[in-house]
Amino acid sequence: MAVLRRNFPAGKGRVRYEVKSAKLDVLKKIFSHQSTDLKDKKFSAFRKKQSGWLSDYAVFKALKVKFNAAGWMDWPEEFRSRNSSVMDPFEKEYADEILFNQWLQWQLYHQLSEVKRYAADHGVVLMGDMPFLVSRDSSDVWAHQDYFKLDLSSGAPPDLYFAKGQRWGMPPYHWERIAADGYEYLTRKMQYLENFFDLYRVDHFVGMFRLWTIPVSEPAERAGTAGTFDPPGESDWKEHGRRILDIMTRETKMLPCAEALGTVPKCSYEILDEYKIPGSDVQRWVRNWDTDMTFKTADHYRPNGMAMLSTHDTSAFCAWWEYEAGTVDEGFFAKKCAEAGVGFDQVKARLFDLDASAHGRLRWQTEMSDLEKFLSVNRRKKEEAWHLAEAFLSSYNERDLYWKYLGLDGMPAKKVSGLLVRKALETVNGTCSVFSLQLLQDWLALENYPGRNDWEYRINVPGSMGSSNWSLVSPFSLEKMMVLSVNQDIRAIVTRTNREVSK
């Protein structure tokens, strides 16, 4: 372990994924050691109880070794189709590798279930993640190809933040076939997750009602533009989601929490209310969109909700304030200009402060102080360019509105300060939402650590395949985080906003 710590020190900004191979080497040495009792009754019981998924998973991982990590879609056809004439000899030849994969999952099961017990003894509940979709290159898809629509890719339609929409790559479910098997596939996943968590976040909750799907044959540069919803009929969405949710809530005692963001259909809000499932309220979007665009006060949040400054799919708070607040997405605005018959290149410099714009976000000229001036530049009436007018009204004075919302005096600062971060955390924790769920980087932003307001300091950019996605690490080791001075500030905020819970 000392060698691992020396070769892969904490706090270096991004994950070095070579650490995975290094750790697996250590684990294989433990596995092969004579003192490792593979005949342990608990291990045997685990293999038997979890055989419904464990066998497929262990074989799949061994095949990844055989084919040098190639995706299963690129394996020889007889392995893609799980032909017994090749699978049986393979499983005998790779028996040790397969057993190691099962043993490794047992170790994870044992450790994570122990963490849950320890947390429960100390009055702490744990929230896990329930990915709604799974990777195309996964044992789930390889072992249950009939459960997925492999000619399609899931994604999201175009919106204010992603002008071309998003294409994620994961295949949509074939729900009719899953239902025909009694939803056993979904039931097994829920019951296993319950070993480790008390609550679970349903990723892309709205996808249970309808999922944006794009043919895999569509050119990559079109992203999510040429998609359709599945099911296609809006009248079917509510009952479609209800059937899936009924299975999820029936088969586990865990409390579901919904990541219901993006383009959200009405039925999603209705079901959240009906089932009393906490939904996501990201502060930068919790505004009075139908009236004056102001930010909603603490008592107007959903009581049965999760109040957040940021999510893994957004910029962190500091980057939002410095680069996004008070701006519009350039691709989205250019697209809406074309639809309204407005020459984007002709009005761009008149509408936006290009020197203050960055990362594909356009910041408004200070002279664009009201809608009439904005429309006069575009030579359009509001009804002729309502998308453009809406983009202007929702973003032009966003910083001013947020500054006032926090109760700060004077003009909004362009750069993030400790005071701004603290006020933001106090307001989001002070809402009436039952849960307050904040990212580690937003808590740590109470102090000026390197990179806290960097645009790249985020976990994921949805719809992109950048190497920086899912590679962000804490700027401090766990040992150092235990003694950071910022811990006292965090405790003070939690206590002051009545978020501290005693056992």
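Values in this text are rule-based calculations from the coordinates and carry no lab data. The shown structure was predicted, so the numbers you read here are calculated from the model rather than taken from an experiment. Glycine also receives a Cβ, built like all others from the backbone with ideal geometry; neighbour counts cover every protein chain displayed.
Before moving on, here are some points about what is shown:
- Long-range neighbours under 9 Å by Cβ, at least six apart or interchain, first residue closer than 18 Å to TYR457 by Cα and free of Cβ contacts under 8 Å to residues at least 40 places away in the same chain within segment 414-443, second surrounded by fewer than 19 Cβ atoms within 10 Å (Cβ to Cβ) and of a type in the set (Asp, Glu): GLY418/GLU447; GLY418/ASP489
- Close pairs (7 angstrom Cβ cut-off, 6 or more residues apart or separate chains): closer than 15 Å to ASN469 by Cα in segment 5-17, of a type in the set (A, V, I, L, M) and surrounded by 13 or more Cβ atoms within 10 Å (Cβ to Cβ) anywhere: GLY13/VAL473; ARG14/LEU472; ARG14/VAL473; VAL15/VAL473
- Residue in segment 197-205 that is in contact with a strand residue (DSSP E or B) (Cβ under 6 Å, 6 or more places away or on another chain), acidic (Asp, Glu) and under 24 Å from GLY463 (Cβ atoms) present: no
This table checks each residue for (1) of a type outside the set (Asp, Glu); (2) surrounded by 14 or more Cβ atoms within 10 Å (Cβ to Cβ).
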residue	(1), (2)
ASP299	no, no
PRO303	yes, no
ALA338	yes, no
VAL342	yes, yes
ALA349	yes, no
ASP353	no, yes
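- Subset of segment 403-416 (residues that are surrounded by 13 or more Cβ atoms within 10 Å (Cβ to Cβ) and out of contact with any helix residue (DSSP H, G or I) (no Cβ under 8 Å at 6 or more places or on another chain)): TRP403, LYS404
- Annotation: GLU398 fulfils all but one of (1) charged (D, E, K, R); (2) within 30 Å of TYR200 (Cβ to Cβ); (3) touching a Gly at 6+ places or on another chain (Cβ under 6 Å); the unmet one is (2).
- Subset of segment 103-153 (residues that are in a strand (DSSP E or B) and aromatic (Phe, Trp, Tyr)): PHE148
- Residue within segment 107-119 that is aromatic (Phe, Trp, Tyr) and surrounded by 14 or more Cβ atoms within 10 Å (Cβ to Cβ) present: yes
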